[in-house]
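Since the structure comes first, as structure tokens, the remarks are kept for the end.
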């Protein structure tokens, strides 16, 4: 979506009305030549040539046209798709020149047209009609001034149409674009929050939870509302690849306004040094809050999804605290409250979630950790035990470096020593011995070749005898 400057033809008001009436007549149900002429004739009679029309009469005529657009569900029929779009651009121009753009009459008329176009696209059942309706709404948005309070309404209508009847991804809506638009629109903070929550709901119902969360985070910068906080947390936990809550919790005022349910849920992910306890607590929490989880209505947010994330975080913690970077099946199964036969599946899930990189040794029932991702502070505490482990690994690394350096130093000293006469004699003797060995090998090879030739001759003689017999 981009801002544009509308270029409208210099048509007199009478011609504008007749053009719009002609377009609407094409969308009449069971339209024929007679009904077409009657419909257009009705408006021609209201804008007779050479008769002056007052401003109030103009408003009544245009309001009547808007009403007909509503009855015909956007009037999306036409000889060509381009004609439909052109007619709606003309209608927007007529509205802007007939009414005061800051008046309630203008706002109501634009909203009625937008709502009619959206309904027409949704009810058509044809992708071509949906595409036309989408372009009309897009053109309407761009026709409005960048500061217009009507832009949020038009954008929500367009998103709603795309989410239910088309592909919402065809309309890129980046955070930077959205933040810039929010600053430009002449609406209150509460209206901005209302727009953002509606947009988030549309993306949630469409299945794009990442974009839904992105929009809710913007809403939290406008207003610290408990409902928005709760929804943000639930959507965050519904995204399979997200194991952190920092994006939400770092917003000023969020922690202070958490309700009891959200606090208990976040507490599961912030329990320090409780690898096995985290999973057991999550299982108990899921049982106690089953009805609340179901009533949340967030796709992907279930009791199993919460327990899954806590299990994967517990596995990540085990890997991070392992001094040998090797884990046996038994302690993993115990910490995750699973059977040993399921350990490999959970390790694979952790690898796919990019929490760890590891190899599975089935014969040894061993998990060999190669690398570990870093989780945020909300899901991974770095306390005294972690500092001790870090210190131990650094000492081991230092020891290995020193040993390697010692080997290099010794090799360098040997290379710098002069060669003695004994060493020269040994080398010469070694060369003589090597030559003797080479001569012996050559003799052996020659003997083998002679034996092979004799064998071939004997075989040939035998074959000849056999052939003669």
*Taking interchain pairs and intrachain pairs at least six residues apart, which have beta carbon atoms under 7 angstrom, with the first residue in the range 318-347 and assigned by TED's automatic domain parsing to the domain that holds residue 281 and the second surrounded by 13 or more Cβ atoms within 10 Å (Cβ to Cβ) and assigned to a loop (DSSP other than H, G, I, E, B)?*
328/365; 329/365; 346/338
*Residue that is over 29 Å from residue 331 (Cβ atoms) and touching a residue at least 40 places away in the same chain (Cβ under 8 Å), where the choices are 250, 231*: 231
*Considering every residue within the range 316-335, establish whether at least one is at pLDDT 90 or above, crowded, with 17+ Cβ neighbours inside 10 Å, under 18 Å from residue 237 (Cβ atoms) and in contact with a helix residue (DSSP H, G or I) (Cβ under 6 Å, 6 or more places away or on another chain).*
no
_Failed item, numbered, when residue 295 is tested on (1) more than 29 Å from the chain's Cα centre (by Cα); (2) surrounded by fewer than 16 Cβ atoms within 10 Å (Cβ to Cβ)_ = (1)
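Can you confirm whether residue 176 is assigned to a helix (DSSP H, G or I) and surrounded by fewer than 18 Cβ atoms within 10 Å (Cβ to Cβ)? Please lay out each step first, then the result.
On the way: assigned to a helix (DSSP H, G or I): yes; surrounded by fewer than 18 Cβ atoms within 10 Å (Cβ to Cβ): yes.
Judged against the criteria, residue 176 is a match.
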*Out of curiosity, is residue 114 closer than 24 Å to residue 170 by Cα, modelled with pLDDT of 95 or more and in a helix (DSSP H, G or I)?*
yes
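Look at residue 128 and say whether it is part of a helix (DSSP H, G or I), in contact (Cβ under 8 Å) with a residue 12 or more places away in the chain and more than 22 Å from the chain's Cα centre (by Cα). Walk me through it before giving the result.
On the way: part of a helix (DSSP H, G or I): yes; in contact (Cβ under 8 Å) with a residue 12 or more places away in the chain: yes; more than 22 Å from the chain's Cα centre (by Cα): yes.
So residue 128 fits the description; yes.
Could you please find all residues in the range 327-357 being over 18 Å from residue 241 (Cβ atoms) and under 30 Å from the mean Cα position of the chain (by Cα)? Outline the logic, then answer.
Here is the first cut: in the range 327-357, the ones over 18 Å from residue 241 (Cβ atoms) are 327-344.
Selection gives 336, 342, 343, 344.
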*Which number in (1) modelled with pLDDT of 90 or more; (2) in contact with a helix residue (DSSP H, G or I) (Cβ under 7 Å, 6 or more places away or on another chain) marks the one condition that residue 308 misses?*
(2)
_Test of understanding: among 228, 233, 266, 218, which residue is in a helix (DSSP H, G or I) and more than 30 Å from residue 165 (Cα to Cα)?_
266
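Quick one: which of 250, 242 is closer than 26 Å to residue 373 by Cα, outside the structural domain of residue 374 (by TED's automatic domain parsing) and surrounded by fewer than 15 Cβ atoms within 10 Å (Cβ to Cβ)?
Numbers: 242 fails: surrounded by fewer than 15 Cβ atoms within 10 Å (Cβ to Cβ).
Being closer than 26 Å to residue 373 by Cα, outside the structural domain of residue 374 (by TED's automatic domain parsing) and surrounded by fewer than 15 Cβ atoms within 10 Å (Cβ to Cβ) holds for just one of 250, 242, which is 250.
Hey, could you check the range 72-90 for residues that are out of contact with any helix residue (DSSP H, G or I) (no Cβ under 8 Å at 6 or more places or on another chain) and in a helix (DSSP H, G or I) and say which is surrounded by the fewest Cβ atoms within 10 Å (Cβ to Cβ)?
Restricting attention to the range 72-90, the residues satisfying the condition of being out of contact with any helix residue (DSSP H, G or I) (no Cβ under 8 Å at 6 or more places or on another chain) are 80, 82, 86.
After this cut, where a residue has to be in a helix (DSSP H, G or I) as well, the list is 82, 86.
Details: 82: 11, 86: 16.
Looking at residues that are out of contact with any helix residue (DSSP H, G or I) (no Cβ under 8 Å at 6 or more places or on another chain) and in a helix (DSSP H, G or I), I get 82.
The values are calculated or read from the model by the stated rules, or taken from the named source; none is laboratory data. On a predicted model such as this, the values are computed, not experimentally measured, just so you know. Positions of Cβ are backbone-derived with ideal geometry, glycine not excepted, and every protein chain shown enters the neighbour counts.
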